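Please treat every number below as a calculation from the coordinates, not as lab data. Keep in mind that this is a model prediction, so the values were computed, not measured. As a convention, Cβ positions derive from the backbone with ideal geometry for all residues, glycine included, and neighbour counts pool all protein chains shown.
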Amino acid sequence: MTPAQYDAWYDTPRGRWIADTEYRLVRSLLDLQPGDTVLDVGCGTGWFTRRVAADGAQVVGLDLDAQALEFAREHCSGNTSYVRGDATALPFADASFDAVLSVTALCFVEQWPRALAEIVRVSRRRFVLGLLNRHSLLWLDKGRQGGIGAYRGAHWHTRAEIDHALRVLPVRDVQYRHGVFLPSGSWIARALERALPARLPLGSFLAVAGEVAR
């Protein structure tokens, strides 16, 4: 799949609904302030990077995929920039950004606890993660036995292992939210999404946020 084909999924009805649902959760947890600087780790083609920038932040997107970054640069706005780099060794000084974001990227990083530590290190105030939830209908459909399609090789996280990884990091006030309970995008899925509380731990999208204690 080319970067253009990947990004075009966000323009499909189901893709747009899923992405909008995920971004609403992420945005509510980011607590952006005017002029904030944000790092998007594992930005891919930059879809979420562009959304955060449209909300007024100065955003840097980071990814290892050179082709994805080329696409992202071709579609960037005035307050975004992109850097090629490794999530497990971020090329930034401590506390370089007001907030750090990573959406379904750590699921494809083998040493994800190390990447999580790097995210906390370069954040001045806050971090938000979007992860694939092991306890979800999507995992039952797409994640078992190594995963299928775009989910092949993905790690599906649990709250328990995130709690364990965060225990050794300087963070506080950790929050968990869930979304995309039925990933079909049907009218039933959309109705349930509005009715079910984000604290119900069964959504396929697991959002984790916390404050950095400095």
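Rounded to the nearest 5, the antiparallel percentage of DSSP beta bridges internal to the stretch 25-181 is 5%. Build a GNM of the chain with springs between Cα atoms under 10 Å apart, and of 90, 69, 192 the one that fluctuates most is 192.
Per-residue ellipticity at 222 nm for the chain, helices alone: DSSP H runs ≥ 4 residues times -39500 (n - 2.57), over residue total, nearest 500 deg cm²/dmol? Working shown, then result.
Working: 7 runs with 69 residues, N = 214.
Here the helix-only value at 222 nm equals -9500 deg cm²/dmol.
For the stretch 36-102, the antiparallel share of DSSP beta bridges with both residues in that region comes to about 5%.
When the chain is treated as a GNM with alpha-carbon contacts under 10 Å, the residue of 167, 159, 114 showing the greatest mean-square fluctuation is 167. Grouping the Cα pair distances of the stretch 122-214 into 10 Å bins from zero gives a pair-distance distribution of 16, 41, 31, 11, 1 percent in increasing distance order.
Our note on the geometry: Cα centres of the stretch 14-34 and the stretch 173-212, 11 Å apart. Per-residue Karplus couplings for the stretch 143-148, computed as 6.51 cos²θ - 1.76 cosθ + 1.60 with θ equal to phi - 60°, are listed in order as x, 6, 6, x, x, 10 Hz, Gly and Pro entered as x.
If you average the sequence gap of Cα pairs under 8 Å that are 6 or more apart and divide by the length of the chain, what percent do you get for the contact order?
Values: 419 pairs, mean separation 42.1, N = 214.
Result for the chain is 20 percent.
Think of each Lys and Arg Cβ as +1 and each Asp and Glu Cβ as -1; about the Cα centre, that makes the dipole of the chain roughly 580 debye.
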